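Student: Before I ask anything, let me first share the structure, which is written out below as structure tokens.
Derivation of every value follows stated rules applied to the coordinates shown; laboratory data play no part. These numbers come from a predicted model, not from an experiment. In this analysis, Cβ positions are derived from the backbone assuming ideal geometry, glycine residues included, and neighbour counts consider all displayed protein chains.
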Amino acid sequence: MSSTPIEPETPADTANPQNLERFGATLGSLMQELDWALLGRAYCWEDGDDFFGDEDQGQLLDASLAIATDLGASLGRLARASTRSLYVGVGLAELAPMALESIVLGREVVACSLDGEEVRELGRARRAVVAKVDGDLGPGPSLPAIEPAELGSSQTGGRYSHLWFVSVISDPEAFPALHDSLYDRVPGAGDHASPFATGKGNLKQDRAQAEALVSLAVQGLEAPGLLTTTDEELPFFRDALAARGLALVAPEHARLSPIVGDPLRHCHVEVAQ
């Protein structure tokens with residue numbers, strides 16, 4: 001396990017010390033509470049019990065904290081924005097950013113994900129940890145609910161100034177043909193074939209479904225606003241936002257997302273000139 005303090009690099013004049021303590025207690029308790037063997041099996045086709053060893057857990061936490069720190073700085077630069085965020089597709093990598101937003105920054109965070117082993121385990125662990133932290137430190141801001149919910153439902157509607165959409169339409173199970181296309185993975189047995197290609201799905205159908213999902217995700221996104229996504233998904237968002245008269249400004253700096261390793265950027269959303 002990493003020895004890195006579980007604390008974001010939040011400016012001292014804006015961070016509430018009690019909320020910083022709650023943030024650290026929440027993440028620390030989550031790392032202890034999660035069933036890592038079950039999660040490893042959810043991420044691997046076979047033999048996943050040891051996928052998340054102690055060192056891997058520490059690296060995951062360190063990477064997630066670095067991304068959360070960048071996110072906090074980017075959110076701090078938003079002017080006249082709402083304090084609501086929407087996370088589409090919640091997994092292990094989203095825990096630290098969500099905790100930072102809700103506990104340290106005091107933002108309202110709404111999460112939606114398809115049902116599955118990972119989401120159910122995160123929801124179970126989250127409920128146990130919230131009860132523990134409230135018992136130790138008293139009632140206070142907590143990690144938002146993590147339960148299966150559909151994008152476009154009443155729960156996920158409304159306005160928000162931050163949209164988190166990371167490695168969603170590049171998922172090899174939900175969008176197999178698009179996954180192969182985005183990562184230039186060629187199925188088959190030829191010289192240029194990739195052992196990581198799925199060789200499944202229909203690219204035209206996958207692309208149409210991805211475009212529809214992205215269009216739905218940006219419906220409530222405000223300008224000025226923030227979009228956290230990956231390089232693979234950026235072109236889809238540029239098109240969807242342009243259709244709404246909005247422009248996307250991607251920073252030069254990117255971090256590799258935990259587990260998947262996609263370049264992740266916190267992009268500013270502005271009214272197109």
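Student: Where both partners of a DSSP beta bridge lie in the stretch 150-273, what percent of those bridges are antiparallel, to the nearest 5? Intermediate values should be presented prior to the final figure.
Tutor: Details: 12 of 17 bridges.
Percent antiparallel among DSSP bridges in the stretch 150-273 is about 70.
Student: Then there is this: In nm, to one decimal, how far is the ASP56 label point from the ARG238 one, both placed 7 Å along Cα→Cβ?
Tutor: 3.5
Student: Sort ILE169, ILE103 by Cβ crowding within 10 Å, fewest neighbours at the top.
Tutor: Numbers: ILE169 25, ILE103 28.
Least crowded to most crowded, the residues run ILE169, ILE103.
Student: Relative contact order of the chain, please, whole-number percent, based on alpha carbon pairs below 8 angstrom and at least 6 residues apart.
Tutor: Numbers: 476 pairs, mean separation 47.1, N = 273.
Once normalised by length, the contact order is 17 percent.
Student: Can you show me the helix-derived [θ] at 222 nm for the chain, built from DSSP H runs with n ≥ 4 at -39,500 (n - 2.57) apiece and divided by the number of residues, rounded to the nearest 500. Please list the in-between numbers first.
Tutor: Details: 8 runs with 105 residues, N = 273.
When only DSSP H runs of four or more count, the value is -12000 deg cm²/dmol.
Student: Can you compute the modelled spin-label distance between ALA131 and GLN209, with each label point 7 Å from Cα toward Cβ, in nm?
Tutor: 3.7
Student: Additional query: Explain nothing, just the number: dipole magnitude of the stretch 11-150 about its Cα centre with +1 on each Lys and Arg Cβ and -1 on each Asp and Glu Cβ, in debye rounded to the nearest 20.
Tutor: Working: 11 positive and 24 negative charges, 187 e Å.
Rounded to the nearest 20 debye, it is 900 debye.
Student: Return SER170, SER82 ranked ascending by Cβ neighbour count within 10 Å, so the fewest neighbours appear first.
Tutor: In increasing order of surrounding Cβ atoms, one gets SER82, SER170.
Student: Can I ask one more? Mind grabbing the base-10 log of I(q)/I(0) for the stretch 1-157 at q = 0.19 Å⁻¹? Debye formula, identical points on the C-alpha positions, no solvent, two decimal places.
Tutor: The Debye formula, applied to the Cα set alone, gives -1.28.
Student: Further question: Write down, largest first, the equivalent ellipsoid semi-axes of the chain in whole Å, where each equals the square root of 5 times an eigenvalue of the alpha-carbon gyration tensor. Could the numbers behind the result be given before it?
Tutor: Working: eigenvalues 170, 122, 54 Å².
Rounded to whole Å, the semi-axes are 29, 25, 16.
Student: For the stretch 9-100, restrict the atom set to alpha-carbon positions and state the Rg and Dmax in Å.
Tutor: That works out to 15.3, 49 Å for Rg and Dmax.
Student: Express the relative contact order of the stretch 102-207 as a whole percentage, based on alpha carbon pairs under 8 Å and six or more residues apart in sequence.
Tutor: Values: 115 pairs, mean separation 22.9, N = 106.
Taking the mean separation of contacting Cα pairs over the length of the stretch 102-207, I get 22 percent.
Student: Alpha carbons only, please: Rg and Dmax for the stretch 208-273, in angstrom.
Tutor: 11.7, 37
Student: For the stretch 127-217, what is the charge dipole size about the Cα centre, in debye to the nearest 20, if Lys and Arg each add +1 at the Cβ and Asp and Glu each add -1 at the Cβ? Intermediate results must be reported in sequence, preceding the final value.
Tutor: Details: 7 positive and 11 negative charges, 30 e Å.
So the dipole magnitude of the stretch 127-217 works out to roughly 140 debye.
Student: Enumerate the amide H contacts of THR198 below 5 Å, restricted to partners 5 or more residues apart or on another chain; note that Pro and chain-start residues carry no placed amide H.
Tutor: ASP180
Student: Here is a follow-up. Suppose each label sits 7 Å from its Cα in the direction of the beta carbon; what would the GLU21-ALA272 distance come out to in nanometres?
Tutor: 5.0
Student: Under a point-charge model restricted to the Cβ atoms of Lys and Arg (+1) and Asp and Glu (-1), what is the dipole moment magnitude of the chain relative to its Cα centre, in debye to the nearest 20? If you can, show how the numbers build up before the last one.
Tutor: Values: 20 positive and 41 negative charges, 237 e Å.
Computed about the Cα centre, the dipole is about 1140 debye.
Student: Additional query: Amide H to amide H, which residues 5 or more places from ALA247 or on other chains are under 5 Å from it, using H placed in the peptide plane?
Tutor: GLU270, VAL271, ALA272
Student: Anything in the chain that counts as a DSSP H helix reaching 20 Å or more along its axis (C-alpha) with Kyte-Doolittle mean of at least 0.0? List them, would you? Mind dumping the intermediate values first?
Tutor: Working: long enough: 17-33 (24 Å, -0.47); 54-76 (33 Å, 0.12); 117-137 (29 Å, -0.50); 203-217 (21 Å, -0.03).
Membrane-span-like by this rule: 54-76.
Student: Based on the Cα gyration tensor of the stretch 109-257, what are the three equivalent ellipsoid semi-axes, each the root of five times an eigenvalue, rounded to whole Å and given largest first? Provide the component values of the computation, followed by the final result.
Tutor: Working: eigenvalues 195, 95, 43 Å².
For the stretch 109-257, the ellipsoid semi-axes come out as 31, 22, 15 Å.
Student: Report the longest stretch of the chain that contains none of the GluC sites (Glu not before Pro) sitting in a DSSP loop with at most 16 other Cβ atoms within 10 Å. Please list the in-between numbers first.
Tutor: Details: sites that count: GLU9, GLU46, GLU150, GLU173, GLU252.
Answer from the scan: 47-149.
Student: Near the amide H of SER257, under 5 Å away, which other amide H atoms are found, from residues 5 or more places off or on another chain, if H is placed in the peptide plane?
Tutor: Placed amide hydrogens put ASP262, LEU264 under 5 Å from SER257.
Student: Can I ask one more? How high is the relative contact order of the stretch 136-273, in percent, counting Cα pairs under 8 Å that sit 6 or more residues apart? Show your work: numbers first, answer last.
Tutor: Working: 202 pairs, mean separation 33.3, N = 138.
Here the relative contact order equals 24 percent.
Student: Something else: Of the beta bridges DSSP finds with both residues in the chain, what % are antiparallel, to the nearest 5? Mind showing how you got there, number by number?
Tutor: Working: 12 of 26 bridges.
Here the antiparallel bridges make up roughly 45 percent for the chain.
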